[in-house]
Every structure is written in structure tokens, then in C-alpha cells.
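The block underneath contains the structure these notes are about, expressed in C-alpha cells.
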Amino acid sequence: ILRRTKLVVAPELPEKIEQTIYCELTPDQAALYRRMQDKTEQELSKLAATGASAGTLHLAALTQVLRLRQICADPRILDPKMEEADSAKLQAFLELVEESKDAGHRMLVFSTFVTALQLLKEALEDRDIPYCYLDGSTKDRQGVCDTFNSTPTIPVMLMSLKAGGTGLNLTGADTVIHFDPWWNPAAEAQATDRAHRIGQTRTVTSIKLIAAGTIEERVMELQKSKSEMLRKLLTESDSVSSGLSLDVIKDLLRKD
């Protein structure tokens, strides 16, 4: 199979810059994260002691991974009583929005959690910042994209990774924010390519927001190791299997 790189197909494309911003959890967010880690350890130990099957342990571990990732994105996903200020990533996101607006940039914001996108919507509405929104329930996806591309006064487009990761042209943006990391770096790259594609005339900046010292850093390490292994087999592919073994999942859940 002959694969052609984007540079060969579209040599006129501007540069793409990739950055990672590490966000320190707020005190209350960190405390919730630690409590969930402790609960996870206890639940998995209890299941193992009662002779639970490998499938049951695998599912329980994946559920705990999901909960820890949700806390990293915004602790209010699990505990609605917490405050907006308790989300380190939301504070970083709002700073990026203000900086982007002041510099005349426009951004696409991707998350794997629709619940996190809803909280971002509320924060933007509270600050009277216009935005477009697209997730799996959006009926007129092309209409939303056309509105964003043709309206320079809308600085933000919020999108779920699965609904907006492929097939859309959003060259009206020149900044891409990945609010939370996904197992598959190819899916993240496809999402970034909604802006970095034919028709784009500006340098595109892709930014990952990562909760420091958490499961998200380990997801990043996993992406890198799997991608490097697969690149030896498929020279143009950065895809990574989401079929993670129980040992890998336990490693993600471990406490340092």
C-alpha cells in the first residue's frame, strides 16, 4: 500500500505547531482525585479477593479510569457541588480564550466528554463569549461549520471528538485545543486536521491540556510508546489500539 503524506499532497499548507500545557490540579480537585484513587484500589482488591473473573476486573478498572479522567477534565462531572474554580483546566481554557481573542485567533475545542463541553458552554455564556457547538446530537453539522467559518466574531467552536474528528472543514480556526487526551493519537491528529487542511492560510497551533501528575500524563506516555512501536510497522500511521490489557490499565491507575 502506498501512502502519501500531507506534505506531499498539500505542500502549500502552513506550519503546524504542537504544544502541551500542564495544569496543576486545584486543592479540592486534587483531594477528590486522591479519594477516587483510594476507592479504586479498595474496589479492585475486593473484587480480586472474591474471585471475580478477568472480564469483571477489566470492566471495573476501565470504569475507574473513566472516573479519574473525568475528574481531570472537570471535577463537577462527578461532583456537581464543586465550583467552577475547582477545575484547573477550565481556568487554563478561559485564559487561552482571552489570549486568543486579543490576538485575533479563533479556536476549535475538542473533548471526549460531552458533559465537559456543556460546562465549557456555561462558562462562555456567563462571560458573553459567542461560540458554536457540535456533538453527536447536532442535526445540521455542516450548517454549524458554515456559521463558524463565515462569522469571524465567533472565537470558539466546541466539539466532541467523535462527532467532529473527521469529515469537516473548519479552516476558520487557527488554534486547536484538546481539552483531554484520547487513547488514539491518530484520532487527535484527525481532529486537529479539521483546521490544518487545504484552504488554511495561517499557522495552526495545536494545544493539549494535561492534568499534571495524573492518569493523563500516563495516557500521554502510552500514546508515545504505542505510536513508536506501530510506526515501525506502518510508516505513516500513529494509530494506537484501545484494547488495553488489565496490567496496562492497572499501571494507569497506580498511585506514585
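When you look at residue 103, is it of a type in the set (A, V, I, L, M) and in contact with a Cys (Cβ under 6 Å, 6 or more places away or on another chain), yes or no?
So residue 103 does not fit the description; no.
Within region 94-106, does at least one residue satisfy the condition of being surrounded by 13 or more Cβ atoms within 10 Å (Cβ to Cβ) and either of a type in the set (Phe, Trp, Tyr) or in contact with a helix residue (DSSP H, G or I) (Cβ under 6 Å, 6 or more places away or on another chain) (or both)?
No, region 94-106 has no match at all.
Given the criterion modelled with pLDDT under 85, open to solvent by 20 Å² or more (accessible area, probe 1.4 Å) and over 13 Å from residue 25 (Cα atoms), identify the matching residue among 48, 54.
Answer to the check: 54.
For region 64-89, enumerate the residues that are open to solvent by 50 Å² or more (accessible area, probe 1.4 Å) and within 18 Å of residue 45 (Cβ to Cβ).
Once the filter is applied, which keeps residues that are open to solvent by 50 Å² or more (accessible area, probe 1.4 Å) and within 18 Å of residue 45 (Cβ to Cβ), region 64-89 yields only 67.
Could you identify the single residue in 146, 128 that is at pLDDT 95 or above and surrounded by fewer than 17 Cβ atoms within 10 Å (Cβ to Cβ)?
Just one listed residue meets the conditions, 128.
In region 192-222, what residues are at pLDDT 80 or above, touching a Ser or Thr at 6+ places or on another chain (Cβ under 7 Å) and not in a strand (DSSP E or B)?
192
Any chance you could count how many residues in region 64-88 are under 13 Å from residue 215 (Cα atoms) and among the polar types (S, T, N, Q)?
Total satisfying the criteria: 2.
Looking at this structure, is residue 241 at pLDDT 80 or above and open to solvent by 70 Å² or more (accessible area, probe 1.4 Å)?
Against the criterion (at pLDDT 80 or above and open to solvent by 70 Å² or more (accessible area, probe 1.4 Å)), residue 241 does not qualify.
Name the residue that is surrounded by the fewest Cβ atoms within 10 Å (Cβ to Cβ), counting only residues in region 149-167 that are over 25 Å from residue 62 (Cα atoms) and without any contact (Cβ under 8 Å) to a residue 40 or more places away in the chain.
153
Give the residues of region 168-191 that are at pLDDT 85 or above, crowded, with 24+ Cβ neighbours inside 10 Å and over 23 Å from residue 215 (Cα atoms), sorted by residue number.
If the condition is that a residue be at pLDDT 85 or above, crowded, with 24+ Cβ neighbours inside 10 Å and over 23 Å from residue 215 (Cα atoms), then 173, 175 are the ones that fit.
Starting from region 34-62, keep only residues that are without any contact (Cβ under 8 Å) to a residue 24 or more places away in the chain, then list their pairs with residues that are open to solvent by less than 60 Å² (accessible area, probe 1.4 Å) and not in a helix (DSSP H, G or I) whose Cβ atoms are within a distance under 8 Å, requiring at least 6 positions of separation or different chains.
Every condition considered, the pairs that remain are 60/52.
The values are calculated or read from the model by the stated rules, or taken from the named source; none is laboratory data. In this text the structure is predicted, and so the values were computed from the model without any measurement. Heads up, the Cβs are rebuilt from the backbone with ideal geometry, glycines too, and the neighbour counts pull from every protein chain shown. Side chains included, ligands, DNA and RNA excluded: accessible areas come from the protein's heavy atoms. Shrake-Rupley method; radii C 1.70, N 1.55, O 1.52, S 1.80 Å.
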